[in-house]
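S.K.: Have a look at this one.
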Amino acid sequence: MTGVDSQEYTVLVSEGEWSDWESVVRSAKIFDLIEIDRNGVYQHWVMYLSKGFIVHVTQVDGRTEGDKAEKRVDTLKAIAREDKCRINNLRDAAKAKGLDVNSNYEIYKLIEDVAGFDHELVNLPKNHYKIMPYNVYSNNCEYYATEWKYGKGFSLQVEKRIKKILLVAMVICDNGANRVTF
């Protein structure tokens with residue numbers, strides 16, 4: 001087989017299933033959260049808009065650094081590149097935190113400064129961004145994506161790392177306490 005017509009052969013991915021960006025775009029719905037695996041080191045989080053476009057917060061070389069980042073519209077293709085990604089709306093985590101999904105109107109109001117829509121969600125601006133406060137431990141890409149989706153931001157990857165650090169600290173303190181003699 002030399003090629004496959006995408007209209008005849010469409011593979012949809014289930015939420016949570018790692019795949020390439022093209023498969024995720026075919027399956028994503030407006031305002032889905034998409035997790036992009038950066039080689040197992042960390043995950044970049046974006047919100048799907050339409051027609052392959054996403055909104056996200058990221059630092060951009062030469063323009064933002066330190067405690068600043070850009071909220072911007074890009075294509076999932078440009079951001080995911082060769083990295084695996086998946087639809088992951090973090091429903092269980094949001095539910096455990098007592099959070100419900102924002103209405104489409106509420107989400108739109110949080111992102112309209114960079115993602116202007118027309119009635120078909122195709123009027124997406126290019127090269128338009130807004131400078132946002134950024135901190136890898138609090139105001140990171142996952143925090144903003146969950147804030148848009150649920151009205152209150154959170155970052156599970158930060159929460160997991162903090163738990164690991166606390167566990168290591170407890171083990172070190174416990175071992176140290178067992179060695180102390182008077």
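S.K.: For the residues MET170, MET47, what sequence is obtained by ranking on other C-beta atoms within 10 Å, fewest first?
M.R.: MET170, MET47
S.K.: A further question on this structure: Can you put ASP74, ASP37 in order of Cβ neighbours within 10 angstrom, beginning with the fewest?
M.R.: Fewest-to-most Cβ neighbours within 10 Å comes out as ASP37, ASP74.
S.K.: Hey, which lysines would be in cross-link range of LYS77, C-alpha to C-alpha under 20 Å, not counting anything within fewer than 8 residues on its own chain?
M.R.: LYS29, LYS51, LYS126
S.K.: Continuing with this model, one more query. Mind ranking 157-163, 105-111, 87-93, 20-26 by how tightly packed they are, going by the mean number of other C-beta atoms within 10 angstrom, highest first?
M.R.: Put in order of decreasing packing, that is 20-26, 87-93, 105-111, 157-163.
S.K.: The range 41-91: which GluC sites (Glu not before Pro) are DSSP loop and have at most 15 other beta-carbon atoms within 10 angstrom?
M.R.: Counting only loop positions with at most 15 other Cβ atoms within 10 Å, the GluC sites (Glu not before Pro) in the range 41-91 are GLU65, GLU82.
S.K.: If each residue of separation counts as 0.36 nm, what is the full-extension length gain between GLU82 and GLN59 once their alpha-carbon separation is subtracted?
M.R.: 6.3 nm
S.K.: If Rh is defined by the Kirkwood formula over all Cα pairs and Rg also comes from Cα, what ratio Rg/Rh do you get for the range 21-154?
M.R.: Taking Rh as the inverse mean 1/r over Cα pairs, Rg/Rh reads 0.93.
S.K.: Using a cut-off of 27 Å between alpha-carbon atoms, which lysines can reach LYS160, once sequence neighbours fewer than 8 places away in the same chain are excluded?
M.R.: In chain and number order, the partners are LYS68, LYS71, LYS84, LYS95, LYS97, LYS149, LYS152.
S.K.: Additional query: Given a Förster radius of 22 Å and the C-beta distance between ASN135 and LYS164 as r, what FRET efficiency does 1/(1 + (r/R0)^6) yield to the nearest 0.05?
M.R.: After rounding, the FRET efficiency stands at 0.70.
None of the figures in this text is laboratory data; all of them are computed from the coordinates on show. Small disclaimer: the values here were computed from a predicted structure and weren't measured. Heads up, the Cβs are rebuilt from the backbone with ideal geometry, glycines too, and the neighbour counts pull from every protein chain shown.
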